[in-house]
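One structure below.
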Amino acid sequence: MDPLSRPTEQVVQVQNSFDDLFGTEQRGPRTYSSPFGQQLAAVANASQGRIGVAAMDLTTGRMVDVLGDQRFPMASTSKIAIAATFLEGVDKGKWSLSSEFPLMVPVGSAPFSSAIAPVRPGEYMPASRLLELMITRSNNYATDALLKVIGGPKAVNAWIERAGIDDWHIDRDIATLVRDDGAIDPARVVDKRDSATPKAMVNLLSGIYQGKWLSPSSRNVLLGAMSRCLTGKRRIPAGLPTDVKVSHKTGSLNNTSSDVGIIQTPDGRVFAVAIYVTGQGGRPGRETRIASIARTIYNGYQAEGPNFPRSASAR
């Protein structure tokens with residue numbers, strides 16, 4: 001039997017129906033009363049696959065969301081927290097950006113044949129280069145190199161807990177995540193492994209931007225790498241004017257595409273955005289949907305202006 005079709009203990013533990021977990025009434029967006037909320041709900045329609053969105057205006061604190069409290073596969077968007085955990089170690093003097101570590105290169109193995117996919121050490125590189133590859137090109141070998149240095153997923157989860165962020169958790173290294181991908185359809189199934197809510201990711205992004213957890217130099221290293229991201233040109237950036245600065249990180253796995261980041265307008269406003277899209281008939285459809293959602297968020301905040309009441313609801 002194909003390993004991907006063979007049930008495993010981990011897969012069996014996952015809810016095999018969205019409706020069993022959340023109920024049919026929560027499959028789509030709730031009803032919104034504000035024009036901004038209505039527009040966002042329209043472009044994040046779940047009829048072709050579950051979509052989760054959250055955004056925050058960092059000036060006013062104004063949050064909008066669609067299914068913002070539900071879990072979605074992070075895929076490579078988790079690399080932001082991996083980088084932050086490593087950079088905390090730099091700030092504490094555990095290692096430096098000039099320290100050299102080897103790439104972690106996967107060794108061929110069948111899906112689900114082991115709890116952790118086997119890897120071997122590859123070329124040694126400075127941590128600064130590994131971090132750049134991880135964020136700008138979403139290089140998995142570089143990611144697992146830094147993940148090994150910091151102590152694996154449990155170290156990242158510990159950092160997230162110290163940061164006070166709920167509903168965010170990783171369970172596997174990237175080699176294992178990629179090797180075992182495909183057994184679960186995220187458009188139909190909610191798998192809490194290696195997942196976060198859009199609101200949790202926005203809280204992570206906003207805290208990093210606001211300098212809550214990292215030194216100014218480490219914050220700038222991470223945001224600088226995100227501003228040079230080479231992946232996802234058809235995602236958030238495609239929906240925004242060319243004079244808008246986007247610092248972001250993409251994610252892609254079976255039937256899911258995502259993009260999360262910081263949007264900075266020419267007049268100095270800053271929005272933290274997390275968009276998770278499943279289904280839509282394939283990656284081009286998901287990327288088009290992400291761009292449309294990003295454009296709706298940008299236009300909605302711009303229309304409301306920077307003095308929109310902090311206590312206002314998106315509904």
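Descriptive notes on the structure:
- Number of the condition not met by Thr288 [criteria: (1) under 28 Å from Thr85 (Cβ atoms); (2) without any contact (Cβ under 8 Å) to a residue 60 or more places away in the chain; (3) over 17 Å from the mean Cα position of the chain (by Cα)]: (1)
- So Ser98, is it more than 22 Å from Leu205 (Cα to Cα), of a type in the set (S, T, N, Q) and surrounded by fewer than 16 Cβ atoms within 10 Å (Cβ to Cβ): yes
- Scanning the stretch 224-247 for residues that are open to solvent by 20 Å² or more (accessible area, probe 1.4 Å) and under 15 Å from Ser128 (Cβ atoms) turns up just one, Arg228.
- When the stretch 48-79 is filtered for residues that are more than 18 Å from the chain's Cα centre (by Cα) and either open to solvent by 20 Å² or more (accessible area, probe 1.4 Å) or without any contact (Cβ under 8 Å) to a residue 40 or more places away in the chain (or both), the ones remaining, listed by number, are Gln48, Leu58, Thr59, Gly61.
- Sole residue being in contact with a Pro (Cβ under 8 Å, 6 or more places away or on another chain), farther than 20 Å from Arg193 by Cβ and crowded, with 18+ Cβ neighbours inside 10 Å, chosen from Ala145, Ala117: Ala145
- For Ile82: the one exception among (1) in contact (Cβ under 8 Å) with a residue 12 or more places away in the chain; (2) over 27 Å from Asn255 (Cα atoms): (2)
Each row is one residue, and each column tells you yes or no for (1) of a type in the set (Asp, Glu); (2) more than 14 Å from the chain's Cα centre (by Cα); (3) within 17 Å of Ala155 (Cβ to Cβ).
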{"site": "Asp173", "(1), (2), (3)": "yes, yes, yes"}
{"site": "Thr176", "(1), (2), (3)": "no, yes, yes"}
{"site": "Met201", "(1), (2), (3)": "no, no, no"}
{"site": "Gln210", "(1), (2), (3)": "no, yes, no"}
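- Scanning the stretch 170-220 for residues that are farther than 19 Å from Ser138 by Cα and open to solvent by 50 Å² or more (accessible area, probe 1.4 Å) turns up Arg188, Lys192, Lys199, Asn203, Tyr209, Gln210, Lys212, Trp213, Pro216, Ser217.
- Hey, Thr250 open to solvent by less than 20 Å² (accessible area, probe 1.4 Å) and either under 17 Å from Ile297 (Cβ atoms) or not hydroxyl-bearing (Ser, Thr, Tyr) (or both) or not: yes
- Screening Ala42 on (1) at pLDDT below 80; (2) assigned to a helix (DSSP H, G or I); (3) surrounded by fewer than 16 Cβ atoms within 10 Å (Cβ to Cβ); (4) among the aliphatic types (A, V, I, L, M) shows it passes everything except condition (1).
- Set Ala294, Ala274: member being at pLDDT 95 or above, assigned to a helix (DSSP H, G or I) and closer than 19 Å to Leu67 by Cβ: Ala294
- Applying the criterion of being acidic (Asp, Glu) and in contact with a strand residue (DSSP E or B) (Cβ under 7 Å, 6 or more places away or on another chain) to the residues of the stretch 54-91, the residue that is farthest from Phe36 (Cα to Cα) is Asp57.
- Residues within the stretch 242-262 that are farther than 23 Å from Gln210 by Cα and either free of Cβ contacts under 8 Å to residues at least 40 places away in the same chain or polar (S, T, N, Q) (or both), tallied: 6
- Residues that are over 21 Å from Ser114 (Cα atoms) and either modelled with pLDDT under 95 or in a loop (DSSP other than H, G, I, E, B) (or both), drawn from the stretch 186-213: Pro186, Ala187, Arg188, Val189, Val190, Thr197, Gln210, Gly211, Lys212, Trp213
The values are calculated or read from the model by the stated rules, or taken from the named source; none is laboratory data. This structure is a prediction, so every number in the text was calculated from the model and none was measured. In this analysis, Cβ positions are derived from the backbone assuming ideal geometry, glycine residues included, and neighbour counts consider all displayed protein chains. All accessible areas refer to the heavy atoms of the entire protein, side chains included, with ligands and DNA or RNA removed. Shrake-Rupley method; radii C 1.70, N 1.55, O 1.52, S 1.80 Å.
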